[in-house]
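Structure, as structure tokens:
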Amino acid sequence: MTVLSVSAQKETKYTISGYIKDGSNGESLMSSIVYVNEISKGTTTNEYGFYSLQLPAGKYTIKISYVGYATQLLPVTLDKDTKLNVEMGPSSVLSKEVVVTAERKDANVSSTNIGRQEITMENAKAIPALLGEVDILKTLQLLPGVQAAGEGNSGFYVRGGGPDQNLVLLDEATVYNTGHLFGFFSVFNSDAIKSVTIEKGSMPANYGGRISSVVDVKMKEGNMKKWTAEGGIGIIASRLTIQGPLKKDKCSIMLSGRRTYIDLFTKEILKKVQDGKFAGNSYYFYDINAKINYRFSDKDRVYISGYFGRDVFKFKDPDGQFSLDFPWGNSTVTARWNHVFDEKLFMNTSLVYNDYRFAANIKFLDVKFDVKSSIQQISAKIDYDYSPIIGHLMKFGIHYNHHIFTPYTATGSDGTNSFKNSNANKKYAHETAVYFLDEFDVTKWFRLNIGVRGSMFNLVGPYKKIEFNENGSVKDTIQFALDQVVKTYFGIEPRIGMRFQVAKATSIKAGFHMTKQYVHLVPVSNSTLPTDLWVPSSPNVKPQTGLQYSLGVFQNFKDNMIETSVELYYKDLFNLIENGQSAVSNINYDVEDLYTYGRGRAYGSEFFVKKAKGRWTGWIGYTLAWSTRKFPGIDNGKTFPSKYDRRHDLNVVLMWDVSKHWRISSTFVYASGNTTTLPVAIYYVGGNIHYEWGDRNSWRLPAYHRLDLGVSYMVQKKKWSYDINFSIYNVYNRQNPYFVYLAIKGEPGKGNQKAVLKQSSLFPILPSLTWNFKF
Amino acid sequence: MNATTKQTFVQSYTSMGDVLKLCVIAIVAAFLTTSCTKEIQGNLPDPELKLVVDANIETNTPPLVLLTKTSKVFGGLDLNDLSGFFEHDAEIWIKDANTKDSVKLVEFCLKDLPFPDSTKADLLKGLGIIAYDSNAVPNVCAYTVPDIIAYYTTGTCAFYGKEEHKYDMTIKAGARYLTASTTIPKSLGGIDSLSYKPHSKPSNDTLVTVLVHINVPPTIGNFSRYWTKRNAQPFYPPLSQSVYDDKLFSGQSLVLPLERGQPATNTQQNDPTYGYFWKGDTVVLKWSNIDYQTYDFFYTLENDGSGNPFANQVKVKSNVTGGIGVFAGYATRYYSIKVPK
């Protein structure tokens, strides 16, 4: 009878949950490992540092570990639902309860995320930077599969996809243009950033809207313990970040700013040079990040964060006849509420506003033109993390975005006529998605992350479209009233990631995802410019679709001191958009009239070796890849290399901690040249020489390679610290090509005219000195 | 920044994309003053060489065809010898699709004409070609009606352009066969008058802006091209943009400044007189209605992105099958104004 009653008795389960934070400042620690030794299972904290584990009643040792922090072993007796919040200390703190590690043991091997990588701010700051400006996006571009668009180009390419195919989030707000001054510097001030993660392989279902990757950038929350200040003075810009508690352990604030200042110095000089002919010329950019967070209780926390950045270019010609004022930039505001329903269910609700704008205010004698363009997005998201049983981590939620696209509004006058074309071709859209995913252990060695995302896109009125016949006369005028649905698109996007742990430090991962993209950026030229336009899907412009298959082997050596991986991927891309071969951009007409549509393919292999511990650290990443396109309207449907085709991409990053005061770092990059289209023939019409363009992207620029070196001297005082960083960008002064063009040299009628191919380069050898401080 | 851009701003509301590109170029130009430019060697792919047609037929005027060929960029024809580009001994027929009349064109080359070099140089200017050395006038050849000499002396010939007529052209040159069609549309006119106003800067008091008063027809789907003539000079099209559509301004009355046309080889971006006329000039405006294909050719040609790394590389839209170029039909009217000194 007793045996029957025992077998019929259910095991009582309780939940242990809580937040993992940095003990020195209260910042939450995302992706901390929370592991239960007794059952060899665990979980990780979510992006807010929250975790939840359901276990049978009993005694356990909970191991908490996170990169750069001392692992903690905490004994727990579980006889009721238990809250366990942990504050982690730095790895220099030693005690008999703690085990020191410099890296998470085997995160790259054990997770199901294939193609996911995280940049630590420590690494980003150690790498030599262009003109001393630490840039997380440039650090990201040193990883295999992630490629720089090139000097002078904003954006980056991931696995053969375009810059618009990467969703870049800053505290959940979409950042449309990630570059200052054509991408020479990113918009992210590293002092304000806590973490940067890229998903380029099997994208989990809670992300969507772009078909190549997601770059999730989180701002710091603000020091909950004490007031601190940090910043730096460099050659091109200075920055300052102040953060601290408005109420200790309850409410904190962070304010961060960065500005270039070359214009402040040249302002006075230009007034005096040549009778002030050049006074009024200037260029500068600035970024402001701000965040406030309030912890009402263990169950409720509210964050409000914002970013505001601008590039401003002003030009006045020496004769005073012409002036140009050209500002552009992003703005974002995010409000979030974390709520813990019970130990198993965590919710985050966000309201976000973000926009990207540019304007050009031009004056020539009595002629004035003012042109504005913008893309705005208002979003609402509800996301849940649910851990019903140990080993299962479920996420589900609903996302909504309202888009407003304003391609161009323009006003102008010349003293005789005035011109206004406001609201021309303005478009409105709703984008909604629901998702569900579950990550769990199927067996001890096989872990699965399976999910699905359902998306819907509605283009709504007011909307007006004029369609033209082949002879240029009007065929039809289509009009829709406010909120009337113009076109609806649906998508079901399956996502699968799996990991087979074949040995303690070895795993094989595989993934598949289908993604839909409803907003698009179609650059007009070979460069990505701040004046490029984002456009929505419409009756003519179908959503882009991407299918990606990935397979990888991950192997660590020497107790995870050395991480290695080989990843293969294959992508099929549908409904891609390019400008037609005879497209001439015209701001008064609908840009989608210029488009042509087709398919693409990208495949490649990524090799990665990283040394994560010791005095010498760094990594080598090599990518061998192809990216092609096939459009019926381009080159008669012949397959051609995409703009993002980069056959070889090699990055070598080395950092050497010589002593506690000195560090030397270096970066070497090598990349096959970008593709471009060049003229292949010349001819005369109307007495003028004209070029006949060759096949799209049929020519390749010379290869790009560059070596950077940096030396840092670090001093740690009792209450403050500083470091002086000297770096050299492009040590051997390689003239890397920015663009190549054909020119006719010589004078007509002198008998000396000839065609020449010219290359323009941007950055020669550039030393810089930066002083960074922290209080 | 010069008058070219000013005229472009005001006339070309439709090409404000150029304005924005100009902004970007201005910024990058500031950076490029510190950048390096160098010549490099490169192997461009060998292109398929094509015949280039530059043909037109105008109301009350016989057809004229310049037949040239493309050349490889490197190792091809000598850019300093325009004569080398011409294709000779082609068989060209033009047929009036409305009346079924047709004419076989005859090739005339400058070297065979009984005119002094100075006259030949003036003839070339009308084609937009400058003879820099009057002792070495390039031997330009053109195909036209057999009675062209009679046309220049008496003003009449057997075959000439008529409004609302369609024309088909066939060209046989060696093994190549080309065809093209064009329509001379109805001449809509719409130019009410010309006027002028002084240059905005008092120091440039010899220069004036000529204004054209236009009543744009109410229907969308009409296209125009214009040229200007100063005194005894030939007609030249404006360099920035010579063709216009009416999508934005149909049914409206406008007063727009006229950009002075001039040969491309005289382009000087910092010339303060560019686009303006002078006091004392007799200005003639040649305003032609054209069909959509002709508009498309010149619009893409004038925006083909050549030399601009920030522009789309635009493939010029040709209405010639078997080759490239244009067969353009013009319904032309003339307007003039005498600017007092």
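The values are calculated or read from the model by the stated rules, or taken from the named source; none is laboratory data. Bear in mind the structure is a predicted one, so any value in this text is a computation, not a measurement. Cβ: placed from backbone, ideal geometry, glycine included. Neighbour counts: every protein chain shown.
Please find, among B:Ser15, B:Ser83, the residue that is assigned to a helix (DSSP H, G or I) and either touching a His at 6+ places or on another chain (Cβ under 8 Å) or at pLDDT below 80 (or both).
Unique residue meeting the criteria: B:Ser15.
When you check A:Lys444 against the structure, is it away from chain B (no Cβ under 14 Å), among the basic types (Lys, Arg) and not in a strand (DSSP E or B), yes or no? Steps first, answer last, please.
On the way: away from chain B (no Cβ under 14 Å): yes; among the basic types (Lys, Arg): yes; not in a strand (DSSP E or B): yes.
So A:Lys444 passes the test.
For the stretch A:647-660, which residues satisfy the criterion of being in a loop (DSSP other than H, G, I, E, B) and under 23 Å from A:Arg159 (Cβ atoms)?
In the first step, residues of the stretch A:647-660 are kept if they are in a loop (DSSP other than H, G, I, E, B); the result is A:647, A:658-660.
Once the filter is applied, which keeps residues that are in a loop (DSSP other than H, G, I, E, B) and under 23 Å from A:Arg159 (Cβ atoms), the stretch A:647-660 yields only A:Arg647.
Filter the stretch B:96-116 for residues that are acidic (Asp, Glu) and assigned to a loop (DSSP other than H, G, I, E, B) and give the result.
The initial filter retains those residues of the stretch B:96-116 that are acidic (Asp, Glu), namely B:96, B:101, B:107, B:112.
The one that is acidic (Asp, Glu) and assigned to a loop (DSSP other than H, G, I, E, B): B:Asp101.
Quick check on the stretch A:482-503. Is at least one of its residues closer than 30 Å to A:Met561 by Cα and of a type in the set (Gly, Ala, Ser)?
Initial filter on the stretch A:482-503 (closer than 30 Å to A:Met561 by Cα): A:496-503.
Of the ones still in play, those that are also of a type in the set (Gly, Ala, Ser) are A:497, A:503.
The answer is yes; a qualifying residue exists.
Would you check which residues across the stretch A:220-237 are within 11 Å of A:Asp191 (Cβ to Cβ) and among the polar types (S, T, N, Q) and list them? Quick ask: steps written out before the conclusion?
Pass one, the stretch A:220-237, residues within 11 Å of A:Asp191 (Cβ to Cβ): A:220, A:228-232.
The answer is A:Thr228, and nothing else.
Quick check: is even one residue across the stretch B:199-218 crowded, with 17+ Cβ neighbours inside 10 Å, touching a helix residue (DSSP H, G or I) at 6+ places or on another chain (Cβ under 9 Å) and under 28 Å from A:Glu467 (Cβ atoms)?
no
Counting only residues that are touching a residue at least 24 places away in the same chain (Cβ under 8 Å) and in a strand (DSSP E or B), how many does the stretch B:70-79 have?
Matching residues across the stretch B:70-79 total 1.
For the stretch B:309-339, name all the residues that are more than 16 Å from B:Val52 (Cα to Cα) and facing another protein chain (nearest Cβ under 8 Å).
Step one: filter the stretch B:309-339 for residues more than 16 Å from B:Val52 (Cα to Cα), giving B:309-314, B:329-339.
B:Pro309, B:Phe310, B:Ala311, B:Asn312, B:Gln313, B:Val314, listed by residue number.
If only one of A:Val485, A:Val474, A:Val452, A:Val502 is within 14 Å of chain B (Cβ to nearest Cβ) and of a type in the set (Val, Ile, Thr), which one is it?
A:Val474
With respect to A:Ile496, determine if the residue is part of a strand (DSSP E or B), more than 14 Å from every other protein chain (Cβ to nearest Cβ), crowded, with 18+ Cβ neighbours inside 10 Å and at negative phi.
So A:Ile496 fits the description; yes.
What is the residue count in the stretch A:671-689 for residues that are part of a loop (DSSP other than H, G, I, E, B), within 9 Å of another protein chain (Cβ to nearest Cβ) and either of a type in the set (S, T, N, Q) or in contact with a Cys (Cβ under 7 Å, 6 or more places away or on another chain) (or both)? Don't jump to the end; show me each part of the working.
Our first condition is that a residue be part of a loop (DSSP other than H, G, I, E, B); within the stretch A:671-689, this holds for A:672-674, A:677-678, A:686-687.
The next check asks that each one be within 9 Å of another protein chain (Cβ to nearest Cβ); those that pass are A:677-678, A:686-687.
Filter again for either of a type in the set (S, T, N, Q) or in contact with a Cys (Cβ under 7 Å, 6 or more places away or on another chain) (or both), leaving A:677.
Adding up the residues that qualify gives 1.
What about A:Gly614, is it of a type in the set (Gly, Ala, Ser), surrounded by fewer than 18 Cβ atoms within 10 Å (Cβ to Cβ) and in contact (Cβ under 8 Å) with a residue 40 or more places away in the chain?
Values: of a type in the set (Gly, Ala, Ser): yes; surrounded by fewer than 18 Cβ atoms within 10 Å (Cβ to Cβ): yes; in contact (Cβ under 8 Å) with a residue 40 or more places away in the chain: yes.
It is true that A:Gly614 is of a type in the set (Gly, Ala, Ser), surrounded by fewer than 18 Cβ atoms within 10 Å (Cβ to Cβ) and in contact (Cβ under 8 Å) with a residue 40 or more places away in the chain.
Considering (1) under 25 Å from A:Val669 (Cβ atoms); (2) away from chain B (no Cβ under 14 Å); (3) at pLDDT below 90, say which one A:Asn772 fails and leave the rest.
(3)
Do you know which of the residues in the stretch A:721-744 that are of a type in the set (S, T, N, Q) and assigned to a strand (DSSP E or B) is farthest from A:His690 (Cα to Cα)?
The first filter runs over the stretch A:721-744 and keeps only residues of a type in the set (S, T, N, Q), leaving A:721, A:725, A:727, A:730, A:733, A:735-736.
After this cut, where a residue has to be assigned to a strand (DSSP E or B) as well, the list is A:721, A:725, A:727.
Values: A:Ser721: 61, A:Asn725: 50, A:Ser727: 45 Å.
Looking at residues that are of a type in the set (S, T, N, Q) and assigned to a strand (DSSP E or B), I get A:Ser721.
Would you say A:Gln548 is within 30 Å of B:Asp304 (Cα to Cα), of a type outside the set (Ser, Thr, Tyr), surrounded by 18 or more Cβ atoms within 10 Å (Cβ to Cβ) and modelled with pLDDT of 95 or more? Steps first, please.
Details: within 30 Å of B:Asp304 (Cα to Cα): no; of a type outside the set (Ser, Thr, Tyr): yes; surrounded by 18 or more Cβ atoms within 10 Å (Cβ to Cβ): yes; modelled with pLDDT of 95 or more: yes.
So A:Gln548 fails the test.
What about A:Lys395, is it within 14 Å of another protein chain (Cβ to nearest Cβ) and part of a strand (DSSP E or B)? Spell out how you get there, then give the answer.
Working: within 14 Å of another protein chain (Cβ to nearest Cβ): no; part of a strand (DSSP E or B): yes.
The answer is no for A:Lys395.
Out of all the residues in the stretch A:697-709, which are outside any strand (DSSP E or B) and more than 8 Å from chain B (Cβ to nearest Cβ)? Even if it seems obvious, please write down each step before you answer.
Of the stretch A:697-709, the ones outside any strand (DSSP E or B) are A:697-698, A:701-703.
Matches in the stretch A:697-709: A:Asn697, A:Leu701, A:Ala703.
Here are B:Leu67, B:Leu113, B:Leu178, B:Leu82: which of them is free of Cβ contacts under 8 Å to residues at least 12 places away in the same chain and either over 30 Å from B:Pro45 (Cα atoms) or surrounded by 15 or more Cβ atoms within 10 Å (Cβ to Cβ) (or both)? Reasoning before the result, please.
Details: B:Leu67 fails: free of Cβ contacts under 8 Å to residues at least 12 places away in the same chain; B:Leu178 fails: free of Cβ contacts under 8 Å to residues at least 12 places away in the same chain; B:Leu82 fails: free of Cβ contacts under 8 Å to residues at least 12 places away in the same chain.
Answer to the selection: B:Leu113.
Might you let me know whether the stretch A:43-52 holds any residue that is in contact (Cβ under 8 Å) with a residue 12 or more places away in the chain, charged (D, E, K, R) and closer than 25 Å to A:Met561 by Cα?
Just the residues of the stretch A:43-52 that are in contact (Cβ under 8 Å) with a residue 12 or more places away in the chain, to begin with: A:43-52.
With the extra rule that they be charged (D, E, K, R), the set shrinks to A:47.
Filter once more, so that each one left must be closer than 25 Å to A:Met561 by Cα: none.
No - not one qualifying residue is present in the stretch A:43-52.
For residues that are free of Cβ contacts under 8 Å to residues at least 24 places away in the same chain and either under 19 Å from the mean Cα position of the chain (by Cα) or part of a strand (DSSP E or B) (or both), scanning just the stretch B:195-205, find the one that is farthest from the other protein chains (Cβ to nearest Cβ).
Here the residue is B:Pro198.
Name the strands (runs of 3 or more DSSP E) wholly inside the stretch B:206-306 in which the number of residues that are closer than 29 Å to B:Val320 by Cα is 3 or more.
Numbers: elements: B:207-215, B:223-230, B:243-245, B:253-257, B:282-290.
Fully inside the stretch B:206-306 and qualifying: B:223-230, B:243-245, B:282-290.
Take B:Ser118 and tell me if it is over 26 Å from A:Asp695 (Cβ atoms), surrounded by fewer than 18 Cβ atoms within 10 Å (Cβ to Cβ) and touching a strand residue (DSSP E or B) at 6+ places or on another chain (Cβ under 9 Å). Can you show your working first?
On the way: over 26 Å from A:Asp695 (Cβ atoms): yes; surrounded by fewer than 18 Cβ atoms within 10 Å (Cβ to Cβ): yes; touching a strand residue (DSSP E or B) at 6+ places or on another chain (Cβ under 9 Å): no.
No: the conditions fail for B:Ser118.
When the residues of the stretch A:745-769 are filtered to those that are assigned to a strand (DSSP E or B) and facing chain B (nearest Cβ under 7 Å), which remaining residue is farthest from A:Asn674 (Cα to Cα)?
Step one: of the stretch A:745-769, the residues assigned to a strand (DSSP E or B) are A:745, A:754-761, A:766-769.
With the extra rule that they be facing chain B (nearest Cβ under 7 Å), the set shrinks to A:754-761.
Numbers: A:Lys754: 26, A:Ala755: 22, A:Val756: 20, A:Leu757: 16, A:Lys758: 15, A:Gln759: 13, A:Ser760: 14, A:Ser761: 13 Å.
Result: A:Lys754.
Could you identify the single residue in A:Leu529, A:Leu568, A:Leu521 that is surrounded by fewer than 20 Cβ atoms within 10 Å (Cβ to Cβ), at pLDDT below 90 and closer than 30 Å to A:Glu151 by Cβ?
Numbers: A:Leu529 fails: surrounded by fewer than 20 Cβ atoms within 10 Å (Cβ to Cβ); A:Leu568 fails: at pLDDT below 90.
Only one candidate qualifies: A:Leu521.
With the condition kept exactly as written, say whether any residue in the stretch B:117-129 is assigned to a loop (DSSP other than H, G, I, E, B) and over 17 Å from B:Val52 (Cα atoms). Explain how you work it out, then say what you get.
So in the stretch B:117-129, the residues assigned to a loop (DSSP other than H, G, I, E, B) come out as B:127-129.
Now narrow it down to the ones that are over 17 Å from B:Val52 (Cα atoms): none.
No: the stretch B:117-129 contains no residue that is assigned to a loop (DSSP other than H, G, I, E, B) and over 17 Å from B:Val52 (Cα atoms).
Here's the yes/no breakdown for (1) outside any strand (DSSP E or B); (2) of a type outside the set (Val, Ile, Thr):
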{"position": "A:Gly604", "(1), (2)": "no, yes"}
{"position": "A:Lys613", "(1), (2)": "yes, yes"}
{"position": "A:Thr628", "(1), (2)": "no, no"}
{"position": "A:Asp645", "(1), (2)": "yes, yes"}
{"position": "A:Ser665", "(1), (2)": "no, yes"}
{"position": "A:Val669", "(1), (2)": "no, no"}
{"position": "A:Tyr691", "(1), (2)": "no, yes"}
